[in-house]
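Every read-out reported here was derived from the displayed coordinates using simple, explicitly stated rules and does not represent laboratory data. These numbers were taken from a predicted model, which means no experiment stands behind them. Every residue, glycine as well, gets a Cβ built from its backbone with ideal geometry; the counts of neighbours run over all protein chains shown.
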Amino acid sequence: MLRHRNIGAKVVQRMRMRAVALAMGTWRERAREQRRMAGVANKALQHMLHRNLACALGRWADNAKELLRHRNIGAKVVQRMRMRAVALAMGTWRERAREQRRMAGVANKALQHMLHRNLACALGRWADNAKELLRHRNI
């Protein structure tokens, strides 16, 4: 009978151990599932956070690009204004240089005219003197 009792106790002990092992297995599965769900939730949270950060960074990059575009436009406007001033100054210089060349031509023409007039007068006096001399010889 002792033997039957020992066998009965072992059976009861085994059933208890089986129940504890089953409970431990269930607990382990639930803990593993809970860790997995926490990882999934953390990934979803990280994804949302990264998406918000990426959107903010994208907006910043767009704003920086727009600011650079405005700066370039402003620089081009300033450059055009400078080039316009240079072009106006160059036009004025060209016009004055042209006028100086024209005036030099006019002065040269006047000088030539004066020289030719003096030469013509001298030549006319010589011709008059030569006629006068011929007339005196013929007399």
key: Dimensionless Rg ratio for the chain, taking C-alpha atoms and the 2.2 N^0.38 Å reference   = 4.08
inquiry  = If each DSSP helix of 4+ residues adds -39,500 (n - 2.57) and the sum is divided by the residues in the chain, what number results at 222 nm, nearest 500 deg cm²/dmol?
reply    = -38000 deg cm²/dmol
inquiry  = So if I place +1 on the C-beta of Lys and Arg and -1 on the C-beta of Asp and Glu, and nothing else carries charge, what would the dipole magnitude of the chain be about its Cα centre? I want it in debye, nearest 20.
reply    = 1280
request  = Return one number: the angle in degrees, 0 to 90 and rounded to the nearest 10, between the long axis of the Cα atoms of helix 2-138 and the longest principal axis of the Cα atoms of the chain.
outcome  = 0
